[in-house]
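For reference, the structure discussed in these notes is given below.
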Amino acid sequence: MKLHIKGGRLIDPCNSVDGTHDLFIAAGKVVAVGNAPAGFTANHVIDAAGKIVCPGLVDLSARLREPGFEYMATLDSEMDAAMAGGVTSLACPPDTDPPLDEPGLVEMLKFRARNLNKARVYPVGALTEALKGVRLTEMAELRESGCVAFSHADVPLTDHQVLYYAMQYAATFDIPVWLRPQDATLARNGVAHEGQVATRLGLPPIPVCAETAALAVILLLARETGARVHLCRLSSAEGINMVRRARHDGVKVTCDVAVHHLHLSELDIGHFDPNCHLIPPLRSQRDRDALRKALAERLIDAVCSDHCPVDDDAKQLPFSEAEPGATGLELLLPLTLKWAEEDNVPLATALARITSDAANLLGIDAGHLSVGAEADVCVIDAGRYWTVEPATLKSQGKNTPYSGIELKGRVTHTLVGGQVAYELK
């Protein structure tokens, strides 16, 4: 198949390209940018005039719910959501059932995803067996099976000695460790940011120090072991300051933020909206603004969807009892564009945070449109307004705090390996 994507504004942050250029694809690869190769005759032409052409998006956290939680979502449904959102590569956390702690499970997930011919799935392996926090997994074997990093997902790892040994092991093989900083004891039973809203609504609080106390331990152990540590979904201004100081001191640390936390704050809980029950909790407006600024300055390296489809019955409960999480694969792009527009962030910079920068954190060859690269491409109608209607989302999870909200920016085409995997009707 030979494709010609014609007349679009091509934005490839990795290669500092931003201008009107045609894109030519053959045999699943990018073969030329600008002028067609000699003798090139396209089988299919995509008219991208007035649209943006960019690398396929790379998402650092998307729960696919397989294996074990198919009642919440299936691999098939979430791959459809990824295509509708322009996400061509994604990392899957290890908190499946059973957790991704054995090579066979990792290989099965990759095989199932590969057979769907949609988004490329990169499993994140479990740090400890069954995520119980006792025995380390065979990280070297799991990496050979396809794991790009190792994590404990949202399951507390309370034994600091186990975490220390895990970081030592990972440092030996130069394996990245992904951790979400939250002290389990300080956050115990909490569901909302400790502040006026939680007090007024009578919700059990999670203080900022639950994040910073865990950060202090993680950063200290990272310094001691020399491990490469990635912090998942920072939520506080003080957490950002701690990362800044650690980097200044030479600690090898990166971090990301969930796209929801760039726009929402504790005030959006309103009258106990369970769709705003997230992990980590929505924090103060000051924290939200600090996250937005840090992302623009690249102190925060990337933004992820933190896609977490939840069964309707588990969301339609009182706030404290509702399952935390929000669907995000189809909203990653428009919410990132919204942040860029509101904060006057250059479009190329915003797209880098969900393409090349995210790919660098995963350690994969993606997020760019260099000649010879896999033709994973996203075509965007950046000026198109649309209203988020849960029933029309491709994801099986309809749980979103943006229901009824008008957003700007819609994916019109998603290509994976040079094949059109999604086209907006």
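The values are calculated or read from the model by the stated rules, or taken from the named source; none is laboratory data. A quick note: this is a predicted structure, and the numbers were derived from the prediction, not measured. Methodologically, a virtual Cβ is constructed for each residue, glycine included, from the backbone with ideal geometry; neighbour enumeration extends over all protein chains shown. Note: areas computed on protein heavy atoms with side chains; ligands, DNA, RNA excluded. Shrake-Rupley method; radii C 1.70, N 1.55, O 1.52, S 1.80 Å.
Whole-Hz ³J(HN,Hα) for each residue in the range 92-99, computed from phi via Karplus 6.51 cos²θ - 1.76 cosθ + 1.60 with θ = phi - 60°, x for glycine and proline: what do you get?
Values per residue, Gly and Pro as x: 10, x, x, 7, 8, 9, x, x Hz.
So what is the relative contact order for the range 1-80, in percent, with contacts set as C-alpha pairs under 8 Å and at least six apart? Mind dumping the intermediate values first?
Values: 119 pairs, mean separation 25.2, N = 80.
It rounds to 32 percent for the range 1-80.
In whole Å, how far is the Cα centre of the range 138-153 from that of the range 266-313?
27
Mean separation of Cα pairs under 8 Å and 6+ residues apart, divided by the residue count of the chain: what relative contact order is that in percent? Could you put the intermediate results ahead of the total?
Details: 1026 pairs, mean separation 85.4, N = 425.
Relative contact order, the chain: 20 percent.
Taking a probe of 1.4 Å, how large is the accessible area per residue of the range 25-72, in Å²? All intermediate terms of the calculation are to be shown ahead of the outcome.
Values: 1900 Å² over 48 residues.
Spelled out: the 1.4 Å probe surface of the range 25-72, per residue, equals 40 Å².
Need one number: % antiparallel among DSSP beta bridges in the chain, to the nearest 5.
Details: 30 of 61 bridges.
So the antiparallel bridges in the chain amount to around 50 percent.
What is the sum of charges, Lys and Arg at +1 and Asp and Glu at -1, for the other residues whose Cβ falls under 11 Å from the Cβ of PRO176? It would help to have the intermediate numbers written out before the result.
Numbers: positive: ARG143, ARG228, LYS252; negative: ASP174.
Spelling it out: positives minus negatives among the neighbours equals +2.
Report the extension gain between PHE272 and ARG384 in nm, rounded to one decimal, defined as 0.36 nm multiplied by the number of residues separating them, less their alpha carbon distance. Spell out each step's value before the answer.
Working: separation 112, 0.36 × 112 = 40.32 nm, distance 3.14 nm.
This chain segment gains 37.2 nm when fully extended.
So what is the calculated 222 nm ellipticity per residue for the chain, using -39500 (n - 2.57) for each DSSP H run with n of 4 or more, over all residues, to the nearest 500 deg cm²/dmol? Walk me through the intermediate numbers first.
On the way: 12 runs with 121 residues, N = 425.
The helix contribution divided over the chain gives -8500 deg cm²/dmol.
Just subtract the alpha-carbon distance of PHE173 and ASP365 from 0.36 nm times their residue separation and send over the number in nm, one decimal.
Details: separation 192, 0.36 × 192 = 69.12 nm, distance 2.00 nm.
This chain segment gains 67.1 nm when fully extended.
Give me the angle, in degrees from 0 to 90, between the Cα long axis of helix 160-172 and the longest principal axis of the Cα atoms of the chain, rounded to the nearest 10.
30
Share of the chain's accessible area from carbon and sulfur, percent, 1.4 Å? The partial results should precede the final answer.
Values: 8000 of 16610 Å².
Ligands and nucleic acids excluded, carbon and sulfur reach 48 percent.
What figure in square angstrom, to the nearest 10, would you give for the accessible area of ARG292 with a 1.4 Å probe?
Roughly 20 Å² of ARG292 is accessible to a 1.4 Å probe.
Work out from phi, with θ = phi - 60° and the Karplus expression 6.51 cos²θ - 1.76 cosθ + 1.60, the ³J(HN,Hα) of each residue of the range 205-211, listed in order in whole Hz, and give x for Gly and Pro.
Result, ordered by residue: x, 10, x, 4, 5, 5, 6 Hz.
Which residues' amide hydrogens lie under 5 Å from the amide hydrogen of HIS413, considering only partners 5 or more residues apart or on another chain, with H built in the peptide plane?
For HIS413, the qualifying residues are VAL379, LEU424.
Which of the peptides 412-424, 298-310 is most tightly packed, and how do the rest follow, judged by the mean count of other Cβ atoms within 10 Å per residue? Provide the component values of the computation, followed by the final result.
Values: 412-424: 19.7, 298-310: 24.8.
Highest mean packing first, the order is 298-310, 412-424.
Given H placed 1.01 Å from N in the peptide plane, which residues other than close sequence neighbours of VAL17 have an amide H under 5 Å from its amide H?
ASP12
Please state the charge dipole magnitude for the range 55-362, taken about the Cα centre, from unit charges on C-beta atoms (+1 on K and R, -1 on D and E), reported in debye and rounded to the nearest 20. Display every interim value, and only then the final one.
Details: 29 positive and 43 negative charges, 182 e Å.
Dipole size: approximately 880 debye.
Within 10 Å, count the other beta carbons around each residue, average over each peptide in 232-238, 216-222, and list them highest first.
Details: 232-238: 23.6, 216-222: 18.9.
Peptide ranking by packing, descending: 232-238, 216-222.
For the range 50-124, which chymotrypsin sites (Phe, Trp or Tyr not before Pro) are in a loop by DSSP, counting at most 10 other Cβ atoms within 10 Å? Numbers along the way, then the final one.
On the way: sites: PHE69, TYR71, PHE111; in loops: PHE69, TYR71.
Of the chymotrypsin sites (Phe, Trp or Tyr not before Pro), not one in the loops of the range 50-124 has a Cβ with at most 10 other Cβ atoms within 10 Å.
What label, among (1) 71, 65, 44; (2) 85, 43, 36; (3) 65, 48, 43, belongs to Cα extents along the principal axes in Å computed from the structure on display?
(3)
Each residue of the range 149-159 in turn: what ³J(HN,Hα) in whole Hz from Karplus with 6.51, -1.76, 1.60 and θ = phi - 60°, glycine and Pro shown as x?
Once θ is set to phi - 60°, the couplings for the range 149-159 become 6, 9, 8, 10, 6, 9, 7, x, 10, 8, 8 Hz.
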